[in-house]
1. Where the second residue is at pLDDT 95 or above and the first is aromatic (Phe, Trp, Tyr) and lies in region 252-280, which pairs have Cβ atoms under 8 Å and are six or more apart or on separate chains?
2. If Asn191 satisfies every condition in (1) touching a strand residue (DSSP E or B) at 6+ places or on another chain (Cβ under 6 Å); (2) within 22 Å of Thr237 (Cβ to Cβ); (3) within 16 Å of the ligand (Cβ to nearest atom) but one, which is the exception?
3. Are there any helices (runs of 4 or more DSSP H) wholly within region 43-158 with 3 or more residues that are away from the ligand (no atom under 14 Å from the Cβ), and if so which?
4. Yes or no: region 185-194 includes at least one residue that is in contact with an Asp or Glu (Cβ under 7 Å, 6 or more places away or on another chain) and either modelled with pLDDT of 95 or more or surrounded by fewer than 19 Cβ atoms within 10 Å (Cβ to Cβ) (or both).
5. Are there any pairs, at least 6 apart or on different chains, whose C-beta atoms fall under 9 Å, with the first in region 164-187 and within 29 Å of Arg207 (Cβ to Cβ) and the second assigned to a strand (DSSP E or B) and β-branched (Val, Ile, Thr), and if so, which?
6. Kindly indicate the residue of region 85-100 that is aliphatic (A, V, I, L, M) and in contact (Cβ under 8 Å) with a residue 40 or more places away in the chain and also surrounded by the fewest Cβ atoms within 10 Å (Cβ to Cβ) among those meeting that condition.
7. Within region 107-127, which residues are free of Cβ contacts under 8 Å to residues at least 40 places away in the same chain and surrounded by 18 or more Cβ atoms within 10 Å (Cβ to Cβ)?
Amino acid sequence: MPEPRVIRTPQEMAAASQAARAKGQRVGLVPTMGALHAGHLSLVDFARPLCGLLVVSIFVNPLQFDRAEDLEHYPVTWEADHALCAAHGVDAIYAPTAAAMYPQGFQSKVRVEGLTQELEGAFRPGHFDGVTTVVLKLFNAVGPHLAVFGEKDYQQLRVIQRMAQDLDLGVEVIGRPTVREPDGLALSSRNVHLSPEERKHALCLRRALDRAQERVRAGERGAAALRAAALAVIEATPGARLDYLEVVDAQELTRLTRLDRPARMVMAVWMGKTRLIDNDALN
Ligand code: PAF
């Protein structure tokens, strides 16, 4: 496999994208903050056959971290990321510096209103403004026809789909299923921070989703009962501390009282100092 080209500035990225488009190639983007794992690679493998120029962006975006500690400890694994991109046939890695992304005097933000207010948005002030701002900048530089995101960050996916639609970005924003460890833990770059004990107890998120899904299969349609069933699993887990656990409309992310339309159970749980999120379809 040829080595992916490493691109550091928006100008160089835009030129590479325009050259590909001029040749009639489709451009695909998998946006990441690095520390690549099998979840990211599943997005890359999905996008690879769909485009002539496949770009993975690697940028740890300071604008979306609501806690300085989280940003400081975010894992950086450049050598391994580069090797994985090469092995999966990525054409270019767009890895701008913070100064190239946010030069002195930078003062603009992009905000999606309603979808960002609850769930993650309620617990991580400013987070989604940081995400939408950087993703719009990535889209502007890469000029993709399609961009692929994981469903683990389900609210993020819906927010970016909304932004692409509202602002006529002309980018197809595709969500792909969460990749899990064999025991069910959703892959996340933050899992490396879990102690062996926390890692064991972190399975409570998947088990809570399973418990709710069992109740749905048994005929339960009331959101309160499904929420209570899942909550009982989290509350019985040593060291687990809940931020939120809700049953929401899969499109609008508004709370549901009954499963009368496509629904999603979404949750955020602290295991020690590590915050984990997970979600799944309920029907
Ligand atoms: O999901 C992520 O890794 C980030 O939020 C993203 C989409 C790359 C924006 O920084």
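1. Trp270/Ala240; Trp270/Arg241; Trp270/Leu242; Trp270/Asp243; Trp270/Leu276
2. It fails just one condition, (1).
3. Numbers: elements: 68-72, 78-87, 98-101, 120-123, 127-142.
So the answer is 68-72, 78-87.
4. yes
5. As it stands, the answer is Ile174/Val148; Gly175/Val148; Arg176/Val148; Ala186/Ile277, since those pairs meet every condition given.
6. Ranking the qualifying residues of region 85-100, first place goes to Ala87.
7. Passing the criteria: only Gly121.
This table checks each residue for (1) modelled with pLDDT under 95; (2) more than 15 Å from the chain's Cα centre (by Cα).
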site: Pro4; (1), (2): no, yes
site: Pro10; (1), (2): no, yes
site: Ala15; (1), (2): no, yes
site: Lys23; (1), (2): no, yes
site: Pro31; (1), (2): no, no
site: Val44; (1), (2): no, no
site: Val60; (1), (2): no, no
site: Asp66; (1), (2): yes, yes
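The values are calculated or read from the model by the stated rules, or taken from the named source; none is laboratory data. This is a predicted model, so every value here is computed, not measured. FYI the Cβ positions are ideal-geometry reconstructions off the backbone, even for glycines, and counts take in every protein chain you see.
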